[in-house]
Each structure stands twice: as structure tokens, then as C-alpha cells.
Amino acid sequence: MTTLITGGSKCGKSRLAEQLLDNCENKFYIATMRPFGEEAFAAIERHRKIRAGKGFVTIEKYTDIHEINVPENSAVLLECMANLCANEMFRNEEICDPTELIMRCIQHLQICAETLVIVTNNVGSDGIDYCEKTNKYIEFMGRLNAIVSAISDNVVECVYGVPVVLKGKL
């Protein structure tokens, strides 16, 4: 079963994702945030403290998620697709479309894991025109979110800490 959780910044997506896996055994947390800058280090530390004692095995992997092998019947939390998209998109000097690679990664995780929860971000809805690189990122994220929502059993948007089910059920 695959669940996609979306929403704005600091709206409770991670908390909901972890709660969905509370009763699961053999839990893996795939952390994709590259640790650079004070804000990133603070966010990473906050997430580590929040999930401490919850039974997650943390795998820090910023690109090439398809290389991760988790045991069958495991529960996997991918946190988060927006970071993964940026990491893959900007891994070389030229901007590349990471959609196909990330979809391969997600399909790999779907095969391995009994339960997959993917956290993503709602980007591009503010109506602001950004520089070319940011606009490309927003385009790729929009495409990824649409494709992943289509192949997910459940899609949930967190709005001010309240989960709103858009597809399936919690």
C-alpha cells in the first residue's frame, strides 16, 4: 500500500506519516535532505528527535534511492520527495529532469515494501514567477506529484495539521 502525503511547509506532514507507521514493524526512514546550512541541520535534528524511540532504521540517501534494498514486508517512509527531486535535478552541472529516475526509485520501493509512505510538498501554488531553475523545479515537482498520486492507494493533504483525504482512506 502506498500513501502520498502533501501540504505546505510545517503543516504536520511528517507527524502524520510517522503516525501511519506507528503499528508497523521493520520500519525504515529514508531521509533525503542534504545537510547543508544551519536551517537544514536544524530541520534534520528536529526530525531525528521527533522519531527517536519510534523504531525506525534511518537511511540517509540523497540520490539514487533505487539502490536501497529494504526487506520484504517492511514499512518505508520516504522523507521527502521534494528534497529528492532537487538533489537529483541539480546533481550535475546541467539541470536534468529527474522524473523517470525518481519514479523508478518509487516503483522499486513499492515492490520491496509492504507499506510505503511518501512525503512531498505542495509547490508552485503561490503564483510567483521565479528564476528559470526554480520554475523547472516547480514543473518537475508538479509532474512527480501528479504521477505518484495516480499510482498511490491513498493521497492525503495536510492543512494546518488536519489530514484531508483526497484519495483512498487513512
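The values are calculated or read from the model by the stated rules, or taken from the named source; none is laboratory data. All figures in this text were calculated on a predicted structure; none of them were measured in a lab. Glycine also receives a Cβ, built like all others from the backbone with ideal geometry; neighbour counts cover every protein chain displayed.
Within region 27-36, the presence of a residue that is within 19 Å of VAL155 (Cβ to Cβ), buried (at least 16 other Cβ atoms within 10 Å of the Cβ) and out of contact with any strand residue (DSSP E or B) (no Cβ under 6 Å at 6 or more places or on another chain) is excluded. Of all residues in region 141-160, those that are under 16 Å from GLN19 (Cβ atoms) have Cβ atoms under 8 Å from Cβ atoms of residues that are assigned to a helix (DSSP H, G or I) and among the basic types (Lys, Arg), 6 or more apart or on another chain, in CYS158/LYS13. Restrict the check to region 30-45 and report whether at least one residue is modelled with pLDDT of 95 or more and outside any loop (DSSP other than H, G, I, E, B). Yes, some residue in region 30-45 is modelled with pLDDT of 95 or more and outside any loop (DSSP other than H, G, I, E, B).
To keep it simple, each residue is scored yes or no on (1) assigned to a helix (DSSP H, G or I); (2) at pLDDT 95 or above.
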{"site": "GLU94", "(1), (2)": "no, no"}
{"site": "ILE102", "(1), (2)": "yes, yes"}
{"site": "LEU109", "(1), (2)": "yes, yes"}
{"site": "GLU114", "(1), (2)": "no, yes"}
{"site": "ILE118", "(1), (2)": "no, yes"}
{"site": "ASN122", "(1), (2)": "no, no"}
{"site": "ASP126", "(1), (2)": "no, no"}
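Scanning region 96-116 for residues that are of a type outside the set (Lys, Arg) and farther than 14 Å from ARG143 by Cβ yields a count of 11.
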